[in-house]
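Undergrad: Please find one structure pasted underneath; my questions will follow.
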C-alpha cells in the first residue's frame, strides 16, 4: 500500500514538473519587418493616390520613406508588449527588412530552427490609432503549415490579445479542413 502511494506521488510530481517546465518555457515572437514596412508603404501609396487630402495622407507625407511608419508601429508595439504583464515569458524581436535594415541576425535563424515561434504581422493604417495584426504559429524547423490568429485595435489591446494567444491562455482552436 505504501509503495503504491509513493509511486503515485512520484508519477504526479513528474507530471506536474513536466507541465510546469512547458508552461514556463520561453516563447518567441518575431516582428516580420518585410511585411510590416512594405504594408505601410503600400497603405500610404493607396491613401496618397485615393485620398490625397485625408488625415492618413498627411501622416504619409511627413515620412520621407513611408516604410518608417511601419517601423514606428513596430517600435510602439514592442513598447506596449514590454509593459504588459500578460507578456511575461515572451521574447519579442524583429526579423529585419533586407533592404531597410542590415540583414537578419543569425540568432533569429537558430531560434527558428530549434524552437517553436510566432511570426507577427502588424498592418499600419495611415491616420489611425488602431491597426490589424496577424500571428502565425510555426513549429521549429519550419515543419508543417502555420496556424494563424487575427486581431485589431489599439496598441494596448493588441498587446493584451497577442500575449493571451502566445502564452496559450485563450481557447485552443481546432480547425478541420
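Each value in this text was obtained by applying a stated rule to the coordinates, not by laboratory testing. Just so it is clear, the model here is predicted, and its values are computed rather than measured. Because the Cβ atoms are built from the backbone with ideal geometry, glycine has one as well, and the counts that use them run over all protein chains shown.
Undergrad: Could you pull out which residues in region 110-124 have an amide N less than 15 Å from a spot 7 Å beyond the Cα of residue 100, following the Cα-Cβ vector?
TA: Output list for this probe position: 120-124.
Undergrad: Separate question: Over region 25-166, what is the relative contact order in whole percent, taking alpha-carbon pairs under 8 Å and six or more residues apart?
TA: Numbers: 253 pairs, mean separation 44.0, N = 142.
Computed value for region 25-166: 31 percent relative contact order.
Undergrad: Find the all-direction average of the projected area of the Cα convex hull for region 25-166, expressing the result in square nanometres with one decimal place. Display every interim value, and only then the final one.
TA: Working: hull surface 34.4 nm².
Over all viewing directions, region 25-166 projects a mean Cα-hull area of 8.6 nm².
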